[in-house]
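First up is the structure itself, then whatever we jot down about it.
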Amino acid sequence: MGSFEKGDRGARILKIQTLLQGNPRGLTTGEIARRTGVNPRTTYRDIKALEAMNVPVYEEAGRIAIDPNYFIAPVKFTLREAMALLMGVRLMSRHSDEADPDVADAFTKLAAVLPTPVAEYVHATVRQMAARPPNPVYSRVLQTVALGWAGRKVVRIWYPSADHAVKPRLIEPYFLEPSLIGHSSYVVARDRGLGEMRTFKLERITRAEPMTETYAIPADFDINSYLSGAWGIYHSGEPVEVRLRFFPPAAGRVKESTWHPSQKLSDGPKGSVNLTVTVTGTVEITPWILGWGDAVEVIAPKELRKKIAEAGAKMAARNKG
């Protein structure tokens, strides 16, 4: 096959990636060297460079391979589908507050198969996101956890506990879920040490490494059902019925959206609207309620009503004068 001059290292590394992508069972270092026209020592350095680019290269039984879950087959989109994807890109832009090279690369590749008018907006969004400060630790953690989930491989993470001590845990990733609250992302996983399901914030994971052990996600597990009781992402606590009353003009805004799968709406006095939801814990719904200011009243439960009242009093005192 074709060979490359010394100055063509970038093209040679791209060639290696293409070769490995086309050979799921992997190639030996000697085979790669012959295909690229260099010696095995140079090939070894090129493979290390590929790893430094966050391409999940691994060696097994003397053969170099790329994790098969790293690539997804290309597709074409209709204009309506492209517009739907553009909306998703824009939402991702608003969700993320850091530069992520994987996200930028993914959107750039997506733009290549989108109609030109839509692609231009995707490129503009990528440029905007690229100007944000990078977080390489988060990028590595996300890739490791995502590949573990895709390949059903256990992942060891270092995560702060209740006493703020960072400790290693073995987790079985079941799903990755973004949250608009705090511009954060989470992994829903089974904690092997506890033998229970837990939700881990990816931004709090200081380190993640893949393990060789495999696991199976129960056939009856459904992420939508699992999170149906949560207001946002946290699935903790006993179900509690929260009853709220919204006053005009907020009442009209509340009627326009579905805020939770369990919600029930009813008309209240003087143009107000009552919203009832059943959620597992009130930690996440509390800041949402506070965001409505004096346009909302907590009817039940009493504990939440008291909590909102105390927070309102503190806000009034802090902003007085």
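Can you give me the pair-distance distribution of the range 194-289, C-alpha pairs, 5 Å bins, whole percents?
2, 10, 17, 18, 16, 12, 9, 7, 5, 3, 2, 1, 0
May I ask you to compute the full-extension gain from LEU290 to ILE223, defined as 0.36 nm times their residue separation minus their alpha-carbon distance, rounded to one decimal in nm?
That pair, LEU290 and ILE223, stretches by 21.3 nm at full extension.
Pull up the DSSP beta bridges for the range 83-185 and report the antiparallel fraction as a percent, rounded to 5.
90
Run a plain Debye calculation on the range 1-148 (Cα atoms as equal point scatterers, no solvent) and give log10 I(q)/I(0) at q = 0.12, 0.14, 0.17 Å⁻¹, rounded to two decimals, same order as the q list.
Here log10 of I(q) over I(0) equals -0.63, -0.82, -1.04.
Please work out whether the range 126-167 counts as rounded, prolate or oblate from its C-alpha gyration tensor, where a ≥ b ≥ c are the square roots of the eigenvalues and a/c under 1.5 means rounded, while otherwise a/b larger than b/c means prolate and anything else oblate?
In terms of gyration-tensor shape, oblate.
Taking the Cα centre as origin and putting +1 on Lys and Arg beta-carbons and -1 on Asp and Glu beta-carbons, what dipole magnitude results for the range 6-70, to the nearest 20 debye? List each step's numbers first, then the result.
Values: 11 positive and 7 negative charges, 68 e Å.
Its charge dipole is roughly 320 debye.
Using a Förster radius of 45 Å, what is the FRET efficiency between TRP259 and ARG45 based on their Cβ-Cβ separation? Nearest 0.05, please.
Here the calculated transfer efficiency is 0.25.
Let me know the charge dipole size of the range 67-190 about its Cα centre in debye, to the nearest 20, where only the beta-carbon of Lys, Arg (+1) and Asp, Glu (-1) is charged.
200
Hey, could you get me the Stokes-Einstein D for the range 239-318, Kirkwood radius over alpha-carbon pairs, 37 °C and 0.692 mPa s, rounded to whole µm² s⁻¹?
In µm²/s, the coefficient rounds to 255.
What's log10 of I(q)/I(0) for the range 33-116 at q = 0.14 Å⁻¹, Debye sum over Cα points only, no solvent?
Results for the range 33-116 at q = 0.14 Å⁻¹ read -0.70.
Using the crude model of +1 on Lys and Arg Cβ and -1 on Asp and Glu Cβ, and no other charge, please compute the dipole size for the range 239-318 relative to its Cα centre, in debye to 20.
Charge dipole of the range 239-318: 180 debye, to the nearest 20.
Could you give the spread of the C-alpha atoms of the range 117-262 along their three principal axes, from largest to smallest, in whole angstroms?
Principal-axis extents of the range 117-262 (Cα, largest first): 56, 46, 35 Å.
Give me log10 I(q)/I(0) at q = 0.08, 0.11, 0.14, 0.16 Å⁻¹ for the chain, Debye formula, one equal scatterer per alpha-carbon, no solvent.
So the normalised log intensities are -0.53, -0.91, -1.28, -1.45.
Using Cα pairs closer than 8 Å and at least 6 residues apart in sequence, work out the relative contact order for the chain, in percent.
10
Using θ = phi - 60° and the Karplus form 6.51 cos²θ - 1.76 cosθ + 1.60, what ³J(HN,Hα) does each residue of the range 20-25 get, whole Hz, x for Gly and Pro?
So the Karplus estimates, Gly and Pro as x, are 5, 5, x, 10, x, 7 Hz.
Out of VAL188, THR116, LEU176, whose Cα points farthest toward the positive end of the dipole of the range 111-267 (charges: +1 Lys, Arg; -1 Asp, Glu; placed on Cβ)?
Highest projection toward the positive end goes to THR116.
Quickly estimate the mean residue ellipticity at 222 nm for the chain, helices only: each DSSP H run with n ≥ 4 gives -39500 (n - 2.57), and the total goes over all residues, rounded to 500.
Result for the chain: -12000 deg cm²/dmol, rounded to the nearest 500.
Starting from the Cα coordinates of the range 188-230, work out the convex hull volume and express it per residue in Å³. Walk me through the intermediate numbers first.
Details: hull volume 4.6 nm³, N = 43.
Cα convex hull per residue, to the nearest whole number: 108 Å³.
Give me PHE247, PHE200 sorted ascending by neighbouring Cβ count inside 10 Å, so fewest comes first.
PHE247, PHE200
What length, rounded to one decimal in nm, is gained on full extension from VAL113 through to THR212, with 0.36 nm per residue of separation minus their alpha-carbon distance?
Taking 0.36 nm per residue and subtracting the Cα distance, the gain is 32.1 nm.
Report, in cubic angstrom per residue, the convex hull volume of the C-alpha atoms of the range 6-70.
Roughly 74 Å³ of hull volume per residue.
Please give, to one decimal in nm, the separation of the simple spin-label points placed at ALA150 and ALA61, each 7 Å out from Cα toward the Cβ.
Label-label distance for ALA150 and ALA61, simple model: 2.2 nm.
At a Förster distance of 41 Å, what's the computed FRET efficiency of ASP102 paired with GLU310, Cβ-Cβ distance as r, to 0.05?
0.45
When N counts the residues of the range 138-218, how does its alpha-carbon radius of gyration compare numerically with 2.2 N^0.38 Å, as a ratio? Mind showing how you got there, number by number?
Working: Rg = 11.6 Å, N = 81, 2.2 N^0.38 = 11.7 Å.
Computed over Cα atoms of the range 138-218, the ratio equals 1.00.
Rule-based calculations on the coordinates, nothing more; no lab input. Predicted model only: the values in this text are computed from it and were never measured. Here Cβ is always computed from backbone atoms with ideal geometry, including for glycine, and neighbour counts include all displayed protein chains.
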